[in-house]
Amino acid sequence: MTAPQYWLMKSEPDECSIDDALAAPNQTVPWIGVRNYQARNFMRDDMRVGDGVLFYHSSCAEPGIAGIARVASGARVDPTQFEPGSPYYDGKSKPDAPRWLLVDVQALCKTRVLGLAGMRDLPALAEMRVLQRGSRLSVTPVTAGEWRAIAALLER
């Protein structure tokens, strides 16, 4: 058995907020709409059920970590790629050769919002991917040390 891994997963709260996830059946939502190959590959190749997730609100008035969650399923096909009315529709993706995947994410708790400025103030997070210039991936790995530092910061 491998040690749990940790992830930061971004969602626009207008689409799926930590409150939405907490209100969903079993507090679990499908993480739809990932349309970046590197982020998809993280979900497909590296995520495991039980891995920790920092639930991050993006593209909003107060972006930042808004909750703690866990990966609740293995990767599976994202059906929104085949729905012409969906903003995540991909006409080049075919049911017999899907491009895009999702995992289910189970919300565990809502936290105070920990924004980028608060994260930058912590030396232990200096190398965190979300803090690097040009980092726009919606799914990024988080080290065990970064996870512990954020957990300690959120407990204050």
Label point 7 Å out from residue 116 along Cα-to-Cβ: which residues of the stretch 28-43 have amide N under 14 Å? none
In debye, nearest 20, what is the charge dipole magnitude of the stretch 1-48 about its Cα centre with +1 on Lys and Arg Cβ and -1 on Asp and Glu Cβ, if you could check? 300 debye
In degrees rounded to 10, the 0-90 angle between helix 144-155 Cα long axis and the longest Cα principal axis of the chain is 70 degrees
At a 1.4 Å probe radius, carbon and sulfur cover how many percent of the accessible area of the stretch 34-105? 51 percent
Compute a Gaussian network model of the chain, connecting alpha carbons closer than 10 Å, and tell me which residue from 11, 58, 93 fluctuates the most. 93
Inter-label distance for residue 15 and residue 97, nm, one decimal - labels placed 7 Å from Cα along Cα-to-Cβ: 2.5 nm
If you stretched the chain out fully between residue 90 and residue 109, how much longer would it get, using 0.36 nm times the residue separation minus the C-alpha to C-alpha distance? 3.6 nm
Probe of 1.4 angstrom, ligands and nucleic acids ignored: what's the accessible area per residue over the stretch 111-156, in square angstrom? 60 Å²
Quick calc, the stretch 9-156, dipole around Cα centre from Cβ unit charges on Lys, Arg (+) and Asp, Glu (-), nearest 20 debye, gives 360 debye
How much length would be gained if the chain were fully extended between residue 24 and residue 155, taking 0.36 nm per residue of separation minus their Cα-Cα distance, in nm to one decimal? 44.6 nm
Between 104, 90, 51, find the one with the highest GNM mean-square fluctuation for the chain; connect C-alpha pairs within less than 10 Å. 90
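The values are calculated or read from the model by the stated rules, or taken from the named source; none is laboratory data. Note that the coordinates shown come from a computational prediction; the quantities given were computed from them, not determined experimentally. We place every Cβ from the backbone using ideal geometry, glycine too, and count neighbours over all the protein chains shown. What goes into the accessible areas is simple: the full protein's heavy atoms, side chains included, and nothing from ligands, DNA or RNA. Shrake-Rupley method; radii C 1.70, N 1.55, O 1.52, S 1.80 Å.
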